[in-house]
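First comes the structure, then the notes that go with it.
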Ligand SMILES: [Zn+2]
Ligand SMILES: [Zn+2]
């Protein structure tokens, strides 16, 4: 349908300027007040009756002229605690806050999807629910609150998009099963007995115990997990001691675990407990492990992923619609997928020729804005296909 491409093209400039507006004025998780206000205004101007949800989120409904299914489309709207160094005219005006994950684009695209679908209302079968979700970048994430407040009432299926730097603009990536991992974090606190650096025999060196723990934890994935499974354990922080002549009595390790199943998650955390306990016992130290279990994994429904992929084929061509391996990053889109069938797609934003090479969460992160048109068109096409589908979607 050429009409969809034409409509998205018509709205492209406004989608870009919305994205730049959100990029210039980013807001942190749970504080997206101005973003929320702007979304409400944009949707109201379309004749919709949006309302606030989950604190700083927004929900709106578009009823088509024909009967059909109810399809939700979700965008996350929050920014990161990071100083923007993109160097563009739309660089963040809010010090220390930056849209370095592309959620500015997600918000603008979903408004663009609403603008396009409103114009197609007469031929729309079914109902579209627009979900603008706050707080994706923090635990426990805004998705759970959206669901709690009824975002998925009567919804038959849900779709969502992430702008994705490691894919080139003009391509998309989707998986028919595992798409993104479950992200957990942990803090291990080791207590020894501090003392003089010259008298180690009188101490229990927490730093040395910590170092052994760091090394040993790295054997969990390589020795305890089936090599054909997917799992990651990374330690991102190791703090112990302050100066040259004091043996520290405490060591603190902070890290993350990524996995796709509860079984794998359990093996990793069970082994962590055994390893830390064994090393501390041998050294005469004590320990505490605090786990912060994050979102479930994003597992795409194959049926809906196929519809989404077809929408991408019509937008970008078959050669640019890539089947990808799962990534170990996490996303609370998974919270919706626990309730209703759905699928998540990556829309490529990288472009070496334009210098758009910095990864997500980098201070110089930026997107090739062409991707905004591709993402909008792909979502519009997928929503139309799904809402008019006669198939039964199974979770
Ligand atoms: Zn992010
Ligand atoms: Zn993100």
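What the table shows:
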quantity: Residue within region 11-22 that is at pLDDT 95 or above, within 16 Å of ligand 2 (Cβ to nearest atom) and either assigned by TED's automatic domain parsing to the domain that holds residue 111 or in a helix (DSSP H, G or I) (or both) present; calculated: yes
quantity: One residue from 277, 312 being assigned to a helix (DSSP H, G or I) and not assigned by TED's automatic domain parsing to the domain that holds residue 199; calculated: 312
quantity: Selection within region 57-78 - buried (at least 18 other Cβ atoms within 10 Å of the Cβ), part of a loop (DSSP other than H, G, I, E, B) and more than 16 Å from ligand 2 (Cβ to nearest atom); calculated: 64
quantity: Filter result for residue 295 (over 17 Å from residue 105 (Cα atoms), in a helix (DSSP H, G or I) and within 19 Å of the chain's Cα centre (by Cα)); calculated: no
quantity: Checking residue 99 against (1) within 16 Å of ligand 1 (Cβ to nearest atom); (2) over 28 Å from residue 297 (Cβ atoms); (3) surrounded by 23 or more Cβ atoms within 10 Å (Cβ to Cβ), the condition it does not meet; calculated: (2)
quantity: Where a residue in region 361-384 is outside the structural domain of residue 308 (by TED's automatic domain parsing) and its partner, wherever it lies, is in a helix (DSSP H, G or I) and within 16 Å of ligand 1 (Cβ to nearest atom), with Cβ under 6 Å and at least six apart; calculated: none
quantity: Criterion: more than 16 Å from ligand 1 (Cβ to nearest atom), assigned by TED's automatic domain parsing to the domain that holds residue 12, farther than 23 Å from residue 162 by Cβ and touching a helix residue (DSSP H, G or I) at 6+ places or on another chain (Cβ under 9 Å) - qualifying residue of 60, 65, 54; calculated: 65
quantity: Positions within region 353-369 being out of contact with any strand residue (DSSP E or B) (no Cβ under 8 Å at 6 or more places or on another chain) and outside any loop (DSSP other than H, G, I, E, B), in sequence order; calculated: 353, 354
quantity: Residue within region 105-124 that is in the same structural domain as residue 345 (by TED's automatic domain parsing), within 13 Å of ligand 1 (Cβ to nearest atom), within 22 Å of residue 334 (Cβ to Cβ) and surrounded by 19 or more Cβ atoms within 10 Å (Cβ to Cβ) present; calculated: yes
quantity: Hits in region 359-378 (condition: under 21 Å from residue 322 (Cβ atoms) and within 16 Å of ligand 2 (Cβ to nearest atom)); calculated: 359, 360, 367, 371, 372, 375
quantity: Checklist (1) away from ligand 2 (no atom under 14 Å from the Cβ); (2) within 17 Å of residue 315 (Cβ to Cβ) applied to residue 349, failing item; calculated: (1)
quantity: Residue list for region 382-395, restricted to those being within 12 Å of residue 309 (Cα to Cα) and surrounded by fewer than 24 Cβ atoms within 10 Å (Cβ to Cβ); calculated: 385
quantity: One residue from 81, 85 being within 16 Å of ligand 1 (Cβ to nearest atom) and surrounded by fewer than 17 Cβ atoms within 10 Å (Cβ to Cβ); calculated: 81
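Here is a yes/no grid of residues against (1) modelled with pLDDT of 95 or more; (2) surrounded by fewer than 24 Cβ atoms within 10 Å (Cβ to Cβ); (3) in contact with a strand residue (DSSP E or B) (Cβ under 6 Å, 6 or more places away or on another chain):
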{"site": "282", "(1), (2), (3)": "yes, yes, no"}
{"site": "303", "(1), (2), (3)": "yes, yes, no"}
{"site": "306", "(1), (2), (3)": "yes, yes, no"}
{"site": "315", "(1), (2), (3)": "yes, no, no"}
{"site": "318", "(1), (2), (3)": "yes, yes, no"}
{"site": "321", "(1), (2), (3)": "yes, yes, yes"}
{"site": "328", "(1), (2), (3)": "yes, yes, yes"}
{"site": "333", "(1), (2), (3)": "yes, no, yes"}
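Let's see how each residue does on (1) within 14 Å of ligand 1 (Cβ to nearest atom); (2) buried (at least 19 other Cβ atoms within 10 Å of the Cβ):
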{"residue": "129", "(1), (2)": "no, yes"}
{"residue": "136", "(1), (2)": "yes, yes"}
{"residue": "156", "(1), (2)": "no, yes"}
{"residue": "160", "(1), (2)": "yes, yes"}
{"residue": "166", "(1), (2)": "yes, no"}
{"residue": "171", "(1), (2)": "no, yes"}
{"residue": "181", "(1), (2)": "yes, yes"}
{"residue": "184", "(1), (2)": "no, yes"}
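The values are calculated or read from the model by the stated rules, or taken from the named source; none is laboratory data. Note that the coordinates shown come from a computational prediction; the quantities given were computed from them, not determined experimentally. Cβ atoms come from the backbone with ideal geometry, glycine included; neighbour counts cover every protein chain shown.
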